[in-house]
Structures are given as structure tokens and as C-alpha cells.
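Structure first, then comments.
The values are calculated or read from the model by the stated rules, or taken from the named source; none is laboratory data. Quick caveat, the model's predicted, so the values are computed rather than measured. Every residue, glycine as well, gets a Cβ built from its backbone with ideal geometry; the counts of neighbours run over all protein chains shown. Remember, those area values only see protein heavy atoms, side chains included, never the ligands or the DNA or RNA. Shrake-Rupley method; radii C 1.70, N 1.55, O 1.52, S 1.80 Å.
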Amino acid sequence: MQIPSFKAIIQKSIIDNWDRDALTDYKGATLQYHDVARKIEKLHIMFENSGVVKGDKIALCGRNCANWAVAFLATVTYGAVAVPILHEFTADQIHNIVNHSEAKLLFVGDVVATTIDATKMPHLEGIIYVPDYSIVVSRTDKLTYAREHLNEMFGKKYPKYFRKEHVNYCLDDEPNQLALINYTSGTTGFSKGVMIPYRAMWSNYDFAEHVLGKAIKKGDNTISILPMAHMYGMAFEFIFEFLHGCHIFYLTRVPSPAIIAQAFADIKPSIIIAVPLIIEKIIRKRVFPKIQNNRMRLLLNMPVISKKVREKICDQVVNAFGGNFEEVIIGGAAFNQEVEQFLHRIEFPYTVGYGATECAPIICYEDWRNFVPGSCGKAVVHMEVKIDSHDPENVPGEILARGLNVMLGYYKNEEATAQTLDSEGWYHTGDLGTMDSEGNVFIKGRSKNMLLSANGQNIYPEEVEDKLNSMALVVESIVIQKEDKLIGLVFPDFDEAKNLGLSNDDLVKIMEENRQELNAALPAYSKLSAIRIHEEEFAKTPKKSIKRYLYQEA
């Protein structure tokens with residue numbers, strides 16, 4: 001098929017939406033599309049005059065904000081390769097990624113600027129401060145001169161004013177040309193740079209236009225909560241919305257559930273993209289306490305009344321998310337079944353998607369009206385999915401994906417690429433799942449997380465944790481294996497326990513009751529022998545899934 005120039009789509013959106021609002025730092029300044037175009041042009045002048053050429057790597061590391069987005073767009077439209085780095089990474093991890101990617105320039109946010117050490121990134125030619133594009137470190141006279149004389153050079157090039165007809169991004173990008181490198185981890189030895197080509201960027205955008213394009217209008221408000229340096233946030237809270245002509249609001253500081261709820265109320269976004277943790281926290285803190293009482297349970301079980309009650313509850317939940325959205329798309333990690341069943345029962349417009357950085361990121365999706373609860377949808381446009389199993393409907397096997405979204409491979413790591421991409425172009429996800437006759441995919445867990453019982457039974461810890469997380473005073477949990485025993489590590493709701501006047505001994509007793517209740521619902525081989533209380537929240541990845549490897553020796 002003919003794949004259009006990705007840079008051409010960026011150029012067209014800027015020109016078509018010239019006087020619309022584009023990017024706003026929540027509680028801060030707004031850039032319109034023509035402001036974005038002017039800033040991009042200035043960065044292009046700075047790149048050109050400092051010796052950056054097409055194909056050079058430019059890294060970006062900082063919290064979400066309008067200027068981060070502009071720097072990314074400037075990098076891609078110039079023909080350089082963007083290297084987005086999660087700002088949650090440690091200084092050593094950032095140094096490692098910058099060095100491994102051979103980045104020539106590094107854009108840094110205000111916090112990152114104070115933590116990194118330029119001497120540990122010897123091949124960088126410069127570090128640029130995202131808030132005002134000033135130079136933090138320059139190692140070449142060309143870069144220093146280019147930045148100091150930038151406004152002068154811009155004025156000479158555009159002596160009257162910068163207009164639509166000046167937007168010209170040299171539309172020479174090829175579908176298989178490298179657009180960006182996204183690192184799945186920052187740790188040396190585990191760090192893999194996923195090489196994303198322009199075709200995968202376009203294909204994810206085209207998917208979003210297929211499923212959301214008619215529901216969302218130019219000028220609609222959207223919120224960016226997930227890091228843009230993560231492919232999920234990049235593709236569906238930034239790229240699609242910008243190319244569609246939307247107005248994106250950035251929560252520029254670490255967003256708490258209270259800040260997110262306030263932002264939803266103020267901005268009233270037309271689409272909500274979220275990881276399960278955000279949805280679960282809002283539901284558990286703001287909705288469940290209102291409905292989990294005897295009177296409400298009675299009303300919900302009365303056939304004549306229950307439909308109206310469910311509609312009223314659904315309205316409350318919709319209002320908690322701003323009341324103006326087409327649907328909530330959830331992805332990035334497993335969704336708690338209790339919360340999902342509740343949302344399905346009240347007919348809340350949600351759907352669960354599935355993807356991976358290696359697919360930039362989307363693999364499966366289904367519109368909320370046709371979505372099958374417990375699944376993650378079907379293979380999306382431009383992609384095919386199969387289960388590596390002799391009986392895909394009943395026996396879990398590895399989920400394999402193939403199509404335009406799939407990466408080129410891992411940067412400078414042919415061995416890892418060969419292990420992940422086979423000779424027929426199938427990407428081996430490392431996830432286990434089943435697929436029904438309609439093509440709906442059901443994830444059972446990560447193959448590397450799968451535990452083996454003493455008698456050879458496969459145990460998927462995520463399924464046990466999902467049940468445990470719905471029990472009394474459990475905030476989150478992780479199941480580990482010690483010899484032939486399964487142990488549940490639980491971070492309890494200490495705030496609620498304090499409100500109820502419970503002691504530590506009381507908590508231990510409640511967790512033991514939870515264990516017995518849980519075991520009654522589990523097959524013998526996956527029963528827990530003990531629950532241990534964990535005193536603090538579990539460490540998480542940027543997409544808010546628990547870093548399991550840290551707790552295997554607990």
C-alpha cells in the first residue's frame with residue numbers, strides 16, 4: 001500500500017489549523033499552531049547552523065510540556081532521529097541512553113537539568129534547556145553562535161513575518177526510514193532501543209483516525225497525562241491529537257488523582273487515554289465509597305429500579321472524568337477485574353487496548369460498544385495477531401503480531417532483534433494469551449512472569465493478584481514464589497485502616513482472612529501459603545506496572 005509522508009501530515013495540520021489553540025501547559029501559557037510552526041522554524045535554523053544533519057540523533061528528557069512537544073516535532077520534521085527519554089529514569093540511566101543512542105544534542109527539562117552530569121555524556125555537542133531553549137552546555141562554537149544569533153538569523157530569513165507558505169518540511173521521509181528510538185529501560189544490560197520507522201508512526205495515527213476521527217472534532221480539548229516519552233502517551237495523547245487539530249493540555253507536574261480530577265473538570269476532554277491505575281484510583285476513592293453500602297446494594301439488585309440506579313451511577317462516573325468524552329481507552333497494564341466488571345455493569349463507555357513499544361504501540365483494540373469485557377480487543381487496522389498454541393481458544397500461547405506498526409529492530413542489538421522478530425516478520429510479544437472465534441484477545445500474563453507449580457501447573461500471578469487487589473484494605477499486591485510455595489506481598493490501605501482505628505495486629509488478621517477467602521476461589525496449585533504486609537507502595541515502571549524483579553527475593 002502507498003504510505004504517505006508522515007512529515008507531510010504534520011505540515012498539513014499546522015497549516016490547516018494555523019489560528020487554533022494547539023498546546024497549553026495546564027495553568028500556564030498556550031501556543032497556537034502558528035506559534036508551534038514559528039518555534040519549529042527557529043529550532044531548524046539552530047540545528048542547521050550548529051551542524052546537525054539528517055539522521056543525527058536528538059534526545060529529549062523532561063516532564064510533559066508544550067516546549068517538549070515542539071522540540072520533538074522540530075526534530076522529526078528536520079529529518080533527525082528523536083530519542084525520547086523518560087524523565088523518571090535516574091541520571092545514570094539517562095547518561096546510558098544518551099551514550100548508547102549516540103545523541104548529538106540533548107533537550108532537558110528543569111528537574112532533569114539539575115540531576116545529569118554532562119561529563120558522563122562525552123559525545124554530546126550540546127544540552128538545551130526545554131523551558132526557553134537556552135544553552136546549558138555547548139561544546140562547539142557553531143552551536144554557541146547559532147543560539148546567540150538565532151533571532152537575528154530568523155529575522156533575516158523572514159524579514160516581514162512568518163507565514164503559512166513558509167512551512168516546508170522537505171517531505172522526503174521513506175516509510176522504513178528511522179523516525180525515533182524509544183528505550184524500554186535505562187539500565188545497562190537491559191536497555192533496548194526500539195527503532196520506530198515513519199510507517200509505524202503513520203500507521204498508529206491512521207488507526208486513531210479510523211476509530212476516533214469522526215467522534216473528535218478539530219479544536220476539541222484533550223489532556224496529556226502519560227509521559228510523551230512513552231509510546232502510548234506519544235501516539236495517543238500527542239501525535240494523533242496534534243495531527244487532528246485538537247488542543248492539548250499538559251499536566252506539567254506529577255499528577256495526583258486530585259489534580260487529574262480537577263483537570264478533567266476544568267478541561268472537559270473529548271477523549272481520555274489512561275493506564276488502569278489512574279482509572280482504578282478514581283473509581284475506588286471517588287465512586288465505590290458512595291455505592292458500597294447496604295441500601296445501594298439492595299437497589300442495584302431490584303430489577304425495576306436497578307437500571308435507573310446504574311444510569312445515575314454511570315452519570316456520576318462520567319462527570320468524574322469531565323462529562324464530555326467519547327470514550328475512555330485503557331492500556332499499558334492489566335485492568336482490575338472488579339473495577340472492569342463494575343464499569344461494564346453501569347454501561348460506562350470504556351475499552352481496553354493492547355500494545356507494546358515495539359509496535360509504536362497499538363496491537364489490539366475494539367470500540368467500547370462492541371468491546372468484550374476481560375479482553376483487549378481485536379487486531380487493529382494494518383496489523384494481524386495470532387496465538388502460538390495448538391488450541392488458541394483454550395490453551396494460552398505467546399501473542400504474536402505482524403504488520404506496519406512493528407519496529408525495525410533494537411538499535412545496535414542484533415541478537416535481541418533476532419530473538420524478538422522472526423524470519424516471517426512476526427513480533428514475539430512475550431505475553432501469553434488466548435483468542436476467541438471472533439478474534440478477541442485475552443491476556444493471561446507475561447511469559448517471563450509465569451510460575452510453575454510443583455506438579456507442573458502453569459500459574460499466572462497476575463490472575464491471583466487481580467483477585468487479591470479487590471479484597472478488604474488491599475491497595476496493590478504481588479505474588480512471588482519461594483521454593484514450592486506462593487506468597488502474596490500486599491501494600492494495604494494504611495489511611496483507611498487508620499480511619500477505622502485498626503492496629504497492625506488487626507491488619508494482619510484481616511489479611512489472613514483475605515488469604516483464606518482468596519484460596520477458597522483458587523485451584524489447589526495456585527493457593528497462597530501466606531500474605532506478607534509491605535510497608536510502602538511497590539516501585540513502578542513509568543506505565544505504572546510493578547517492577548516485579550525487585551521483589552523476587554522478598
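For the set Asp21, Asp436, the ranking by accessible area, highest first and with no ligand, DNA or RNA atoms included, is Asp21, Asp436 under a 1.4 Å probe. Ranking Tyr26, Leu550, Thr114 by Cα position along the charge dipole of the chain, where only Lys, Arg, Asp and Glu carry charges on their C-beta atoms, puts Tyr26 farthest toward the positive end. Counted by Cβ distance under 15 Å from Phe249, the other residues give a net charge of -1, where Lys and Arg count +1 and Asp and Glu count -1. When both bridge partners sit in the stretch 1-138, DSSP labels roughly 35% of those beta bridges antiparallel.
Accessible area per residue was computed with a 1.4 Å probe on protein heavy atoms; Glu237 scores about 0 Å². These residues, Ser5, Ser203, Ser437, go from largest to smallest accessible area, 1.4 Å probe, as Ser437, Ser5, Ser203.
What's the carbon and sulfur percent of the stretch 414-502's accessible surface, probe 1.4 angstrom, rounded to a whole number?
Result for the stretch 414-502: 46 percent of the exposed heavy-atom area is carbon or sulfur.
Extension gain Gln481-Asp367, at 0.36 nm per residue separation less the Cα-Cα distance, in nm?
That works out to 37.3 nm of additional length.
Given the choices (i) 61, 25, 20; (ii) 42, 27, 24; (iii) 37, 29, 25, semi-axes √(5λ) of the Cα gyration tensor in Å derived from the coordinates of this structure is entry (ii).
Accessible area per residue was computed with a 1.4 Å probe on protein heavy atoms; Arg38 scores about 90 Å². Approximating the spin labels as points 7 Å out from Cα along Cα→Cβ, the Lys386-to-Lys544 distance works out to 3.6 nm. Carbon-plus-sulfur accessible fraction, the stretch 257-336 (probe radius 1.4 Å, protein heavy atoms only): 56%.
Taking every DSSP bridge with both residues inside the stretch 87-229, close to 70 percent are antiparallel. Put simply, when 147-160, 281-294 are sorted by average Cβ atoms within 10 angstrom per residue, most first, you get 281-294, 147-160. Only beta bridges with both residues in the chain are counted; by DSSP, about 60 percent of them are antiparallel.
Of interest is the spacing of the C-alpha centroids, which for the stretch 476-548 and the stretch 1-42 amounts to 47 Å.
With the simple spin-label model, which puts each label point 7 Å out from Cα in the Cβ direction, the Cys170 to Asn294 separation comes to 7.5 nm. Dimensions of the stretch 490-532 from C-alpha coordinates, computed as largest minus smallest value along each principal axis and given longest first, are 36, 15, 14 Å. Each principal axis of the stretch 359-460 carries a Cα extent, and these read 42, 38, 20 Å when sorted largest first. For the stretch 116-187, the equivalent ellipsoid built from the Cα gyration tensor has semi-axes of 28, 23, 11 Å, listed from largest to smallest. Applying a threshold of 20 Å to the alpha-carbon distances of Lys444/Lys544; Lys42/Lys160; Lys57/Lys157 flags Lys57/Lys157 as lying beyond it. The 1.4 Å probe gives accessible areas that order Tyr78, Tyr33, largest first, as Tyr78, Tyr33. Where a Cα-Cα gap under 19 Å defines reach, which lysines qualify for Lys312, not counting those fewer than 8 residues away within the same chain? Within the straight-line cut-off, Lys312 pairs with Lys285, Lys290.
Computed over protein heavy atoms with a 1.4 Å probe, the accessible surface of the chain works out to 44 Å² per residue. Distance between the C-alpha centres of the stretch 69-88 and the stretch 341-355: 33 Å, rounded to the whole angstrom.
Of all the accessible heavy-atom surface of the stretch 1-140, with the other protein chains kept in place and a 1.4 Å probe, what percent is carbon and sulfur? The value for the stretch 1-140 is 50 percent carbon and sulfur by accessible area.
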